[in-house]
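Every number here is computed from the coordinates shown, using simple stated rules; none is lab data. Here the structure is a predicted model, which is why all the values come from computation and not from measurement. Cβ sites come from the backbone with ideal geometry, for glycine too, and all protein chains shown count toward neighbours.
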Amino acid sequence: MTDLSQDAILLLLRASQAFLLAALLDFPTFAWRCRWQPGESCRHAGTGAQTRGDSAAWFCTWLIWILPAGAMVGSAGSMDVTSYLKYAGSVARTATLRKAGFSDRNIRVAIGAGQMRRLRHGVVALPGAAPDLVGAVLANGLLSCGSASTHHRLWRLHQPTALHLLCRHGAAKDVVVHRETVVPQDVPWPVAGLTDVLLHGLRCLPEVEAAIMVESALLQGRTTLDYLRGHLPGNRNGAARRVLDLVDGTAGSPIEVVARLLFRSEGMFVQTQVDLPGIGIVDFLLEGFLIVELDGETHLQPRQVKKDRLRNNASTLDGYAVLRYGYAQVVYNPQKVVDEVWQVLRGRVVR
Ligand SMILES: [Zn+2]
């Protein structure tokens with residue numbers, strides 16, 4: 001739900017609650033001015049009797065006005081807390097909801113209405129809450145490192161097999177726990193702040209996975225290499241700083257990061273996103289001679305196939321060699337890619 005619709009719903013609820021409160025406060029005047037009996041219509045001051053209503057009229061009016069009003073306020077409260085829970089990631093500790101201004105009664109009514117369920121003491125969720133977010137809240141932590149990448153709209157190659165959490169205290173079973181934190185939580189759902197997520201990933205994940213996350217954040221303009229380096233001091237962070245040296249913010253996709261690290265690890269002279277006259281921008285130029293292009297799904301479209309053919313021919317006419325690879329080849333069979341690239345670079349094409 002967007003912030004705007006969230007605000008609109010809250011405003012509507014507050015307005016209806018204010019109206020009902022005004023009706024309740026006005027009730028004594030209403031009862032005094034109205035001598036209502038079952039089966040009769042109400043006669044107000046100026047049009048009917050001015051005497052105080054008897055106890056039967058008071059009770060009947062109570063039934064007609066107060067009980068529905070109470071029910072509406074109750075249901076408005078539960079709708080409120082349900083909307084908030086959705087905004088907060090569909091799972092939360094009840095302490096979090098109380099901190100947001102909801103009462104235990106709001107929570108109980110919503111659970112009673114089947115709008116949310118209690119997972120265990122102190123934790124509630126909406127039906128269909130994401131399992132990783134549920135796991136984080138049940139472990140009293142926040143998703144971080146590789147487990148938080150998609151929640152921060154960062155690239156990811158593989159999903160970690162275990163949950164990686166930022167837990168200030170305690171440790172749940174079968175999760176990878178990170179303790180250090182340098183920034184507060186910056187999203188309403190149970191996910192660590194972006195800088196914490198990146199720093200945990202740089203210290204914890206395989207270098208290619210960490211580099212992909214940081215490259216993605218860099219491309220979105222949400223961090224800088226200098227800022228991250230500033231939070232990685234000393235010898236113990238040497239490996240994490242070396243991962244930052246692999247990131248340059250030029251990749252158009254995660255597999256371009258994988259391929260760049262692959263070629264650089266082989267000691268090749270690698271240029272990325274090079275604009276060659278008459279050909280256009282190529283993904284990689286290796287040793288100034290071999291063009292390597294990585295094909296996404298768009299390269300299967302007829303228009304793109306025609307464009308690629310023209311580029312390939314132009315490349316060959318200009319004296320370049322060209323190799324093209326897809327996602328599966330780069331990610332699952334990198335050695336074959338490296339072998340073929342070396343074969344071309346060394347001029348050992350055997351016919
Ligand atoms: Zn981790």
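What the table below lists for this structure:
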{"read-out": "Fewest-first ranking of 268, 213, 116, using other Cβ atoms within 10 Å as the exposure measure", "value": "268, 116, 213"}
{"read-out": "Exposure proxy order (Cβ contacts within 10 Å, fewest to most) of 226, 186", "value": "226, 186"}
{"read-out": "Gain in span if fully extended, residue 172 to residue 324, counting 0.36 nm per residue against the direct Cα distance", "value": "50.2 nm"}
{"read-out": "Cβ-based exposure ranking for 224, 161, in which fewest neighbours within 10 Å come first", "value": "161, 224"}
{"read-out": "D_trans [Stokes-Einstein, Kirkwood Rh over alpha-carbon pairs] for the stretch 199-351, 10 °C, 1.306 mPa s, µm² s⁻¹", "value": "95 µm²/s"}
{"read-out": "The stretch 132-244: proportion of alpha-carbon pairs further apart than 19 angstrom, %", "value": "39 percent"}
{"read-out": "Proximal lysines to residue 99, defined as alpha-carbon separation beneath 30 angstrom and excluding residues fewer than eight positions away on the same chain", "value": "86, 173"}
{"read-out": "Separation of the residue 346 and residue 222 label points, Cα + 7 Å toward Cβ, nm", "value": "4.3 nm"}
{"read-out": "DSSP bridge orientation in the stretch 254-345 - percent antiparallel, rounded to nearest 5", "value": "60 percent"}
{"read-out": "Largest-first principal axis extents of the Cα set of the stretch 220-310 (Å)", "value": "52, 28, 21"}
{"read-out": "Mean Cβ count within 10 Å, highest first, over the residues of peptides 103-112, 148-157, 228-237", "value": "148-157, 103-112, 228-237"}
